[in-house]
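For reference, the structure discussed in these notes is given below.
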Amino acid sequence: LLSIFAERLVTDVNSDKVLLHCCCAPCSGAILECMQKEGITPVVFYSNSNIYPSEEYAVRRDECRRYCEKLGVEFVEDVYAHTQWKDEVACGLEDSPERGPRCLRCFSFRLRRAAAYAHAHGIPRVTTSLASSRWKSLEQIDQAGSEACSAYDDVQWWGRNWRKGGLQERRGQIIREQNFYNQQYCGCEFSIK
């Protein structure tokens, strides 16, 4: 199925590039491997202003960068704008549960930045490794990604459940093979609780 989609993707948009918004190395490992096997050129966009504290952000970023270098994948780091992120997503939602409205705002913040980067750099498709986590709502991710990409005529949202097709199992194998730092919370200070 991915192979058929990959062919259509390349034909439809005349490009094999996809911007992968990447939340962390553990979530993106199998996705990157899968894309490369299918002839898709991923560009990793590390946009995670939600991660707190900054030391945690750096550990996750460095793990992701290390894996990208190993695979020969372009790695782009967005500006760490934690204060701006917090102003946008907290607003009375500090105690909102995982998969609640705060998470949707967080996904929207990050995927808007990914869509803007894709537009500015001529990358026609955007997807996210957030859709590989069983702890995240695929509906929220899809809503945030669709809305973010709809702001640009030349950027399409590739909503995909990155848990299926053996990717969840491969994800676990890659985590062990690469000895990835595997975090115990989503990243924001509200989820630490």
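Observations
Residue by residue, here is whether (1) open to solvent by 10 Å² or more (accessible area, probe 1.4 Å); (2) at pLDDT 95 or above holds:
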| site | (1), (2) |
| --- | --- |
| 15 | yes, no |
| 25 | no, no |
| 30 | no, no |
| 42 | no, yes |
| 48 | no, yes |
| 52 | yes, no |
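- Looking across region 68-125, the residues that are open to solvent by less than 10 Å² (accessible area, probe 1.4 Å), among the aromatic types (Phe, Trp, Tyr) and out of contact with any Leu (no Cβ under 7 Å at 6 or more places or on another chain) come down to 85, 109.
- Members of region 126-147 that are more than 20 Å from residue 86 (Cα to Cα), in a helix (DSSP H, G or I) and either open to solvent by less than 20 Å² (accessible area, probe 1.4 Å) or β-branched (Val, Ile, Thr) (or both): 129, 131, 132
- Residues in region 155-193 that are loosely packed, with under 13 Cβ neighbours inside 10 Å and assigned to a loop (DSSP other than H, G, I, E, B) were compared, and the one that is modelled with the highest pLDDT is 164.
The values are calculated or read from the model by the stated rules, or taken from the named source; none is laboratory data. For clarity, every value in this text was computed on a predicted model and none was experimentally measured. In this analysis, Cβ positions are derived from the backbone assuming ideal geometry, glycine residues included, and neighbour counts consider all displayed protein chains. Surface areas here come from the heavy atoms of the whole protein model, side chains and all, with no ligands, DNA or RNA. Shrake-Rupley method; radii C 1.70, N 1.55, O 1.52, S 1.80 Å.
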